[in-house]
Amino acid sequence: MFNRRGSVNVIIVLIFSLLIGVAAIVTDVGLSYYEVETLQHSLDLATLAGALELPKDPTEAENQVLNYMNMNFPEVKYLSILITNSNKEIEVYGSVTVEYKFSRIMGINEKTFSRRAKVILAPLVSSFSGIRPLVIESQTLEFGDEVVLKEGALESSEGNFGAVALGGNGATVFRDNVLYGYNGTISVGDHISTEPGNMASVINPLRNYLKDDKSTFDSFERTSKRLWVVPVIDSFDVSGRDYVEVVGFAQFFIDDIGKQSGQTQITGRFVKYVNSGEIDINAVDNGVYGSKLVD
């Protein structure tokens, strides 16, 4: 009887030890999973934040990644940033060391996990809400090039001076779209109607709308009211109200709004920027990109 009791006690001790070990492993595995998922989420968001700055300033893109990780996941170790493909890709690697609490009884003190996030930029082929009702013909532009978006550049198109009708015709619709952006979606391949006429009534409301934005081309934020995205079209060789085909999108910083020889004129300077919308790596590059997390 004594030996049997002793055997039972040994078995109970072994089972109890096994249960403790399993509980320790389960607890620490759960802790590891949480830390690794948090690391991955932080890397994803930091890489997306960095990608916003890629076309304009790759150095600032790196700074954005570092700042984001320092603020939101300071536990990260061995952080590295790789920018490739002519500033169209950014890849960020990071590690986290998880200190185990219960597995120490089994001789396991800690473990390091590594994760990465990669974002690519590609031409935008479907716009986000906010497109302005002006167009430019497809052309090669360099950062800072000045373009007349309304009037001068399209004088040869009879009755048309750069305006298009988005969501309806008429001066009131045009004015609202110029001030606040069109709230619908425009995609490459769409055919949009031109809006003939000088649209002079938009000048004063537009000046008033932009007067509190003191941004300059050399110093502006992403929230600046002067940053406009416009459709790029194949050709403006039309007369009166007609349809033109969208082949891409371009972004401009609006410098000047006024009248020249009785004509309404809106001038902007070309910038490369990242916005929201669908992308296509095979689309024509007009300087407006979307971003996408990839494996």
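The values are calculated or read from the model by the stated rules, or taken from the named source; none is laboratory data. The structure presented is a predicted model; accordingly, all values stated were derived computationally and were not measured. Cβ coordinates were reconstructed from backbone atoms using ideal geometry, including for glycine residues, and neighbour counts include every protein chain displayed.
Only residues that are of a type in the set (D, E, K, R) and touching a residue at least 24 places away in the same chain (Cβ under 8 Å): list them for region 200-224, please. Break it down into steps so the answer makes sense when it comes.
Step one: filter region 200-224 for residues of a type in the set (D, E, K, R), giving 207, 211-214, 218, 221-222.
Listed by number, the residues that qualify are Arg207, Arg222.
For Ser276, indicate whether it is more than 18 Å from the chain's Cα centre (by Cα), surrounded by fewer than 18 Cβ atoms within 10 Å (Cβ to Cβ) and hydroxyl-bearing (Ser, Thr, Tyr).
Numbers: more than 18 Å from the chain's Cα centre (by Cα): no; surrounded by fewer than 18 Cβ atoms within 10 Å (Cβ to Cβ): yes; hydroxyl-bearing (Ser, Thr, Tyr): yes.
So Ser276 does not fit the description; no.
For region 201-295, which fully contained strands (runs of 3 or more DSSP E) count at least 2 residues that are over 29 Å from Glu89 (Cα atoms) and among the aliphatic types (A, V, I, L, M)?
Working: elements: 227-233, 243-260, 263-271, 277-279, 288-294.
Once the strands (runs of 3 or more DSSP E) in region 201-295 are filtered for at least 2 residues that are over 29 Å from Glu89 (Cα atoms) and among the aliphatic types (A, V, I, L, M), what remains is 243-260.
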Problem set entry | Positions within region 112-130 being in a strand (DSSP E or B) and exposed (fewer than 15 other Cβ atoms within 10 Å of the Cβ), in sequence order | Thr112, Ser114
For this session: Evaluate region 65-80: report whether one residue or more is among the β-branched types (Val, Ile, Thr), modelled with pLDDT of 60 or more and surrounded by 15 or more Cβ atoms within 10 Å (Cβ to Cβ).
Result: yes
Exercise. When both residues are 6+ apart or on different chains and their Cβ atoms are under 6 Å apart, which pairs have a first residue that lies in region 91-103 and is farther than 27 Å from Glu62 by Cβ, and a second that is crowded, with 20+ Cβ neighbours inside 10 Å and at pLDDT below 70?
Worked result: Tyr100/Asp28; Phe102/Asp28; Ser103/Asp28
Exercise. Picking from Phe270, Phe252, which residue would you name as being aromatic (Phe, Trp, Tyr) and closer than 22 Å to Ile192 by Cα?
Worked result: Phe252
For this session: Exactly one condition in (1) in the same structural domain as Ser86 (by TED's automatic domain parsing); (2) farther than 25 Å from Ala49 by Cα is not met by Ala117; state its number.
Result: (2)
